[in-house]
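Engineer: Let me begin by handing over the structure; questions about it come next.
The values are calculated or read from the model by the stated rules, or taken from the named source; none is laboratory data. No experiment lies behind these values; they were computed from the predicted model shown. Here the Cβ is made from the backbone with ideal geometry for all residues, glycine too, and neighbour counts use every protein chain on show.
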Amino acid sequence: MSTIQSHKSAIRNAKAQTVETKLEVVVIPVSDVDRAKEFYARLGWRIDADFSGEGWRVIQFTPPGSPASVIFGKNVTAAAPGSAQGLYLIVSDIEAARRDLIDRGIEVSEAFHAEGDVHVGRDEPYLFGSVRSKGRDPARGTYRSYASFNDPDGNGWLFQEVTARLPGRVDTDQTTFASVAELASAFRRAAAAHGEHEKRNGGTYDANWPDWYAEYMVAEQLGKELPQ
């Protein structure tokens with residue numbers, strides 16, 4: 001097949017993929033089902049199911065604001081307990097997410113940021129081609145700040161702070177906020193940006209601030225150019 005034919009075939013396949021395919025469940029391998037259940041409940045996650053039968057048991061939890069869930073149990077997976085690594089949890093405020101876990105008695109790392117791209121690895125987690133630096137990203141860049149924690153089996157979870165999506169990573173027909181906290185955080189960023197907007201305009205009160213806020217918040221989420 002020629003290069004041109006390959007490109008045409010890829011375009012046809014892309015156009016044909018119109019059926020929504022939503023990630024629903026991630027399987028977590030654990031050694032002690034009840035211990036794992038207690039841990040994930042302590043995280044404040046919603047328990048959706050605890051079913052069992054002869055020789056098996058399935059438990060499902062959903063993180064707050066998440067459309068996807070995790071399941072674990074007995075005879076659910078042949079994977080080694082603790083082998084699930086680099087499980088990303090997206091948050092709008094890394095320090096608020098850390099404080100919540102600490103208040104729940106969960107051990108969590110200090111915030112850190114990458115000086116380059118990110119990957120997932122067991123020995124030097126989440127960095128690649130760069131150095132793991134302490135603290136939240138100084139510029140508060142989206143996708144740049146992290147914190148990590150493990151469940152009792154060593155399955156590795158990672159908070160990643162995302163305040164704006166890169167272009168092309170959000171459905172341009174949809175703008176949604178997963179929780180009240182996420183929406184409130186977006187309002188705070190819009191408020192700070194709007195303050196700078198008013199300063200640039202001589203400190204004059206902007207009576208149309210609701211429209212400006214709305215434009216800013218939608219543009220931020222869709223990865224578009226922000227209003228000035």
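Engineer: Just need a number here: residues in the range 95-106 that are surrounded by 19 or more Cβ atoms within 10 Å (Cβ to Cβ) and either in contact with a Lys or Arg (Cβ under 6 Å, 6 or more places away or on another chain) or not in a helix (DSSP H, G or I) (or both).
Structural biologist: 0
Engineer: Now for a different question. Here are the criteria: (1) within 20 Å of the chain's Cα centre (by Cα); (2) surrounded by 15 or more Cβ atoms within 10 Å (Cβ to Cβ). Tell me which single one ALA68 does not satisfy.
Structural biologist: Answer for ALA68: the failing condition is (2).
Engineer: List the residue pairs whose Cβ atoms are under 7 Å apart, where the first residue sits in the range 187-211 and is over 26 Å from THR176 (Cα atoms), the second is polar (S, T, N, Q) and assigned to a helix (DSSP H, G or I), and the two are 6 or more positions apart or on different chains.
Structural biologist: Short answer, once both residue conditions are applied: none.
Engineer: Given the criteria loosely packed, with under 15 Cβ neighbours inside 10 Å, among the basic types (Lys, Arg) and modelled with pLDDT of 95 or more, does ARG46 qualify? Outline the logic, then answer.
Structural biologist: Numbers: loosely packed, with under 15 Cβ neighbours inside 10 Å: yes; among the basic types (Lys, Arg): yes; modelled with pLDDT of 95 or more: yes.
For ARG46, the condition - loosely packed, with under 15 Cβ neighbours inside 10 Å, among the basic types (Lys, Arg) and modelled with pLDDT of 95 or more - is met.
Engineer: Pick out the one residue from ALA139, ALA214, ALA147 that is hydrophobic (A, V, I, L, M, F, W, C), modelled with pLDDT of 80 or more and assigned to a loop (DSSP other than H, G, I, E, B). Explain how you work it out, then say what you get.
Structural biologist: Working: ALA214 fails: assigned to a loop (DSSP other than H, G, I, E, B); ALA147 fails: assigned to a loop (DSSP other than H, G, I, E, B).
Answer to the selection: ALA139.
Engineer: Report yes if ARG200 is modelled with pLDDT of 80 or more and within 19 Å of LEU166 (Cβ to Cβ), otherwise no.
Structural biologist: no
Engineer: What are the residue pairs meeting all of these: first residue in the range 56-70, first residue in contact (Cβ under 8 Å) with a residue 60 or more places away in the chain, second residue hydrophobic (A, V, I, L, M, F, W, C) and surrounded by fewer than 16 Cβ atoms within 10 Å (Cβ to Cβ), Cβ atoms under 6 Å, and 6 or more apart or on different chains?
Structural biologist: Pairs that qualify, where the first residue is in contact (Cβ under 8 Å) with a residue 60 or more places away in the chain and the partner is hydrophobic (A, V, I, L, M, F, W, C) and surrounded by fewer than 16 Cβ atoms within 10 Å (Cβ to Cβ), are GLY65/ALA178.
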